[in-house]
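What follows is a single structure, written as structure tokens, with notes after it.
The values are calculated or read from the model by the stated rules, or taken from the named source; none is laboratory data. It should be emphasised that the depicted structure is a prediction, and the values quoted were computed from it without experimental measurement. Every residue, glycine among them, receives a Cβ derived from its backbone with ideal geometry; neighbour counts consider all protein chains shown. Each accessible area value is taken on the protein alone, full model and side chains, heavy atoms only, with ligands, DNA and RNA left out. Shrake-Rupley method; radii C 1.70, N 1.55, O 1.52, S 1.80 Å.
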Amino acid sequence: LVPLMSESKLNVDRAALEQLLQKRFFFTPSFGIYEGVKGLYDYGPTGTALQQNLINLWRQHFVIEEDMLEVDCAIITPSKVLETSGHVAKFADWMCRDTVSHDFRRADHLVEEVLEARLESDALARKMADVSLAGGAAADAGGKKGKKKGGAPAPTKLDDAVAEEYRNILAQIDNFDGDGLGELITKYDIRNPETGNAVTPPAAFNLMFESSIGPTGTLKGFLRPETAQGQFMNFSRLLEFNNQKMPFASAMVGRSFRNEISPRSGLLRVREFTMAEIEHYVDPLNKDHQRFEEVAGIKLPLLPGTVQLEGKTTPIQMTIGDAVEKGVVDNKTLGYFLGRIYLYLTAIGIKSEMLRFRQHLNNEMAHYACDCWDAEIKTTYGWIECVGCADRSAYDLRVHAAATKKKLCVRENLSEPRVFEKLECEPNSKVFGPRLKRAAKPVLEHLQTLPEETLEAVSAALAKDGKATVTLSGTAVDGDYEITPDMVTIERRTITEHVREYTPNVIEPSFGIGRILYALIEHSYSVRADDEQRAVLSFNAAVAPFKCLVLPLSGHASFEKPLRDAARRLRAVGVPARVDDAASASIGRRYARNDELGTPFAITVDFQTAQDGTVTLRERDTTKQIRGTLDEIVQLVKNLVNGEITWEVVLTKYELVNTAASENDA
């Protein structure tokens, strides 16, 4: 096989790969006979099996091995839930519009696409300039656009300073807000590359699909943009199910929906997709993890925010233990899950040299997160975020508890009383209630739930200015309210606690299954060294959609019974088998088309089978074959699929069968 990778670059012929995926029905645009809708895809038998295998391995790796509590929650979500979580106000991307064609483009992707194209053109122009020294045609060194024959733009050389500026912008593209993106579009004359037209200034666009619940249409809802909120709604029930023990984790696999501005890049940016999310609840005063030492020695390619702000994109190789100790990764639980994510991705077949962990910059951080790292996988589309691992702090549980007046917290009996100082706000009921009237209760609740540093600022304002302003939002009495020193007493008191009550922090690994699936396909794609027209998907046996092909040498009637018997026996031991008995195709052609499906093994029934009951077993990547009885070959395939033996070991125990003629017959 010829792997299509070199120096951490993918050299995949994407057009050929996409043609293969369509031909072998991995996936296809939804509603195709109606010309389809962008961003919606249907999975065929091959893609469905591949996706399910990824989910099964995820479930084994996380849910079972980590003893997580798996749930399945509603898709349609009442608006109140997502208003409280902040999604209604803040779950948005920046959008531009072509001033002539009126096509919409996501602003950060537009800037990224244009600047990357200019840098690629610059690199080509410099290469052509080097060639010109040996007598080739000189590239336009003045930076002016030219035309090649046929009307295609000639490569354009950039000034060194401009090229460096572009690279610096791209290194921190996710850190720009709407105004920042607008300034870049104006400064660098960013236009729609498909039309050459100018675009409008960026505007926020909420990504949620709105709906209504019930026949009246008065109860507003949304299709969930993530599975997390359903898990948070059930926190108290989960804690009770877990016998009040902390820490613990819930997990869920399900569909989520995001109304993408301009879906493109196949499965990488879609409007409906499968997520696998974990919510790990942890004591905010102790974010250690009991299994941290198992991953502490794993070396990860980390791209911290500090490095990105310097305009650099080269990851730092660092063990997870060192990263936590040096404060690059905030805590041991976050570090533990980064390690587990790495182990999962590499176990399914993602190339480690094509994987990095990038820390979110401040402006791109989700409204609920205090730290976040993305596992990004290199594809022909560039670095693609496939897993996010966020420390959501206590944001979600706190806001939902405040909105519903339901306690979403942990009560821990202390072996010894805990004595500590706490800043508290106590109202003067004779003044506070009569002065604030209907707003008294929500203002008091607001003051009593403020973080200590904020409450200290209120106390300082009362002492210095004789008043402080409290702003309410999300209540029936929103607005600004003035508080004076005679209305409240804010002082530090000694508290003795026998039961500690706290809101857990949440560490959330969130997996985009479709993105991982597509990245895995690219990483598994190669062509035969002796025939570049013969493509192979080298999935490992654990994730391969079909584990074993069963086929006859020809359409001879005597092959039918042993063929069905072989398939039945494989399925009986839990090995998904696919029969390919199309007599119109040669044996080599049938091997080749199942190589395109990623099937790792093939059992062939031939004329010798009728004589002595033996069959051949072929391995996809080496194309080598051995012969044995059907019973031993079935057991061998089962052991290979379950990882109990390797093909290399098998080759030391069996003689090879000469199959050159059948392989060359493709």
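Worth a mention:
- Residues of the chain: accessible area per residue with a 1.4 Å probe, Å²: 49 Å²
- Carbon + sulfur, % of accessible area of segment 151-240 - ligands and nucleic acids excluded, 1.4 Å: 52 percent
- Dividing the Cα radius of gyration of segment 481-531 by its Kirkwood radius returns 1.56 for Rg/Rh.
- Exposure check, 1.4 Å probe, all protein chains in place: E194 carries approximately 120 Å² of accessible surface.
- D580, D330, reordered so the largest accessible area comes first (probe 1.4 Å): D330, D580
- The spacing between segment 618-642 and segment 231-276, judged by their C-alpha centroids, is 39 Å.
- For segment 192-258, the spherically averaged projection of the C-alpha convex hull amounts to 9.1 nm².
- In terms of the mean number of neighbouring beta-carbon atoms within 10 Å, the peptides 124-130, 13-19 order highest first as 124-130, 13-19.
- Three-way shape call for segment 381-444 based on the alpha-carbon gyration tensor, with the a/c threshold at 1.5: oblate
- Prolate/oblate/rounded label for segment 364-484 (Cα gyration tensor, a/c 1.5): prolate
- Using a probe of 1.4 Å on the protein chains alone, the accessible area found for D530 is around 120 Å².
- Two numbers describe the Cα atoms of segment 317-387: Rg and Dmax, which are 12.5, 35 Å.
- The spacing between segment 480-558 and segment 566-595, judged by their C-alpha centroids, is 31 Å.
- Computed over segment 540-631, the P(r) curve from all C-alpha pair distances, binned at 5 Å from the origin, holds 3, 15, 28, 27, 20, 7, 1, 0 percent per bin.
- Pairwise FRET efficiency - N56 versus S415, Cβ, R0 = 41 Å, nearest 0.05: 0.45
- Sorted on the mean count of surrounding Cβ atoms within 10 Å across their residues, most packed first, peptides 21-30, 492-501 read 21-30, 492-501.
- A DSSP coil position with no more than 13 other Cβ atoms inside 10 Å describes the following trypsin sites (Lys or Arg not before Pro) in segment 550-657: K653.
- Treating each Cα of segment 77-117 as an identical point scatterer and summing with the Debye formula, the log10 of I(q)/I(0) at q = 0.20, 0.31, 0.32 Å⁻¹ comes to -0.70, -0.97, -1.00.
- For segment 189-283, the residue among F209, A251, M233 whose Cα projects farthest onto the positive side of the dipole built from Cβ charges is F209.
- Within the assembled protein chains, the solvent-accessible surface assigned to I213 is about 50 Å², based on a 1.4 Å probe.
- Remark: segment 487-607 is approximated by an ellipsoid whose semi-axes, taken from the C-alpha gyration tensor as √(5λ), come to 58, 20, 9 Å, largest first.
- The accessible-area ordering, largest first, of the residues C73, C96, C370 stands as C370, C73, C96, per a 1.4 angstrom probe.
- Using bins of 5 Å that start at zero, the share of Cα-Cα pairs per bin across segment 529-590 amounts to 4, 16, 21, 21, 20, 12, 6, 1, in whole %.
- Listed peptides 296-304, 405-413, 535-543, 373-381 appear in the order 373-381, 535-543, 296-304, 405-413 once ranked by packing, highest mean of other Cβ atoms within 10 Å at the front.
- Local electrostatic count, V470, Cβ distance below 10 Å [Lys/Arg +1, Asp/Glu -1]: -2
- Taking the C-alpha atoms of the chain, convex hull volume expressed per residue in Å³: 237 Å³
- Distance between the modelled labels on N234 and A347, one decimal in nanometres: 2.4 nm (7 Å Cα→Cβ projection).
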